[in-house]
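Below is one structure, written out as structure tokens; comments come after it.
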Amino acid sequence: MLTIGDLFDLSQTDHAVLFEDVEHPWEPLRKLAAYIEATVRPELKNRCDGVAYIGDKVFIGEGTVVEDGVMIKGPAIIGRNCRIRHNAYIREHVLVGDNCLVGNACEIKNSILFNGAQVPHFNYVGDSILGHRVHLGAGVILSNFRSLPGSITVEWNGRRLDTGLRKLGALLGDYAEIGCQAVLNPGSIIGRRAVVYPGVNWRGYLPADRIAKNRAAVEIVERRPESA
């Protein structure tokens, strides 16, 4: 079975304890809410450019800039030297590492971002783990809820493993790249350095160092002059 070490470099998070004593890489999300509630020591060391709403149970590290219109509901722990851009919405139980980017109109809830992760434009990140230096293109959606009843399953080696979670987004290994407007369906796992091309609707496990592409045909036709 895929291990935590196959996906994530635990030296690139201050919260490696979350990944101890678990078998499957999605299991830290089970412990996330309780961990943040017990660990957060509210303090704001950041700078605000404009006016932002920051809840009572929020820690933000030195050098981080929070731009105008941001809402950080919390509880949340945000690291050092991050950029939280205009109108970002950080909801309950979010860990953001150092040197991360949360961009314009992005929404994040119940998720872990390792150091250097970038969520830059119009992204939804729900119940997900983003490894070191993961990058999402504009409009990427990490869908976390299945329409049908029951918990979310993960596909692995031709088997379906029941996670026991009603909500589970994606697990993105270190340096994974997800192209613009791609949608990752609930329970997707993307290996280290793997790439999902723009516009792909992905489900399941993409191994490390692989590329997922669309093969949709593009039709080219002659442009005819408009009538006078």
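Read-outs: derived from the displayed coordinates by stated rules, not from any lab. Predicted, not measured: the structure shown is a model, and the values here were computed from it. Positions of Cβ are generated from backbone atoms using ideal geometry, with glycine treated the same way; all protein chains shown enter the neighbour counts.
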Query raised in the report: What percent do you get for the relative contact order of the stretch 13-129 when only Cα pairs under 8 Å and 6+ apart count?
Result: 18 percent
**Report entry** Whole-Hz ³J(HN,Hα) from phi, Karplus 6.51 cos²θ - 1.76 cosθ + 1.60, for the stretch 38-48, glycine and proline x
**Finding:** 7, 9, 4, 10, x, 6, 10, 9, 7, 10, 9
Query raised in the report: With a 10 Å Cβ neighbour count serving as the proxy for reagent exposure, in which order, fewest first, do Phe122, Phe114 appear?
Result: Phe122, Phe114
Report summary line: Residue-normalised 222 nm signal for the chain, counting each DSSP H run of n ≥ 4 as -39,500 (n - 2.57), nearest 500 deg cm²/dmol, is -2000 deg cm²/dmol
Query raised in the report: So what are the ³J(HN,Hα) numbers for the stretch 101-115, from phi and the Karplus equation (6.51, -1.76, 1.60; θ = phi - 60°), rounded to whole Hz, Gly and Pro as x?
Result: 10, 10, x, 3, 6, 8, 10, 10, 8, 6, 9, 10, 10, 6, 3
Query raised in the report: About its Cα centre, what dipole magnitude does the stretch 160-214 give when the only charges are +1 on Lys and Arg Cβ and -1 on Asp and Glu Cβ, stated in debye to the nearest 20?
Result: 160 debye
Query raised in the report: When only C-alpha pairs under 8 Å and at least 6 residues apart count, what is the relative contact order of the chain, in percent?
Result: 12 percent
Query raised in the report: What list of ³J(HN,Hα) values in whole Hz, one per residue of the stretch 26-36 in order, does the Karplus curve 6.51 cos²θ - 1.76 cosθ + 1.60 (θ = phi - 60°) give from phi, with Gly and Pro shown as x?
Result: 8, 5, x, 5, 5, 8, 4, 4, 5, 4, 5
Report summary line: Amide H proximity to Arg210 below 5 Å, modelled H, separation 5+ or other chain, gives Ala194, Val195
Requested in this report: Mind sorting Glu226, Glu37, Glu177, Glu27 by how few other Cβ atoms lie within 10 Å of their own Cβ, fewest first?
Outcome: Glu226, Glu37, Glu27, Glu177
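With a ≥ b ≥ c taken as the square roots of the eigenvalues of the C-alpha gyration tensor of the stretch 179-228, please select rounded if a/c is under 1.5 and otherwise prolate if a/b is larger than b/c or oblate if it is not?
Prolate is the answer for the stretch 179-228, as a/c is 1.5 or above and a/b outweighs b/c.
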Report task. Over 25 Å between C-alpha atoms is what I'm after, so list which of Lys73/Lys213; Lys45/Lys109; Lys45/Lys167 land there. Result -> Lys73/Lys213; Lys45/Lys167
Query - Relative contact order [Cα under 8 Å, 6+ residues apart], the stretch 134-214, whole percent - result: 29 percent
**Report entry** Rounded to whole Å, sorted largest first: equivalent-ellipsoid semi-axes of the chain, Cα gyration tensor
**Finding:** 30, 25, 15
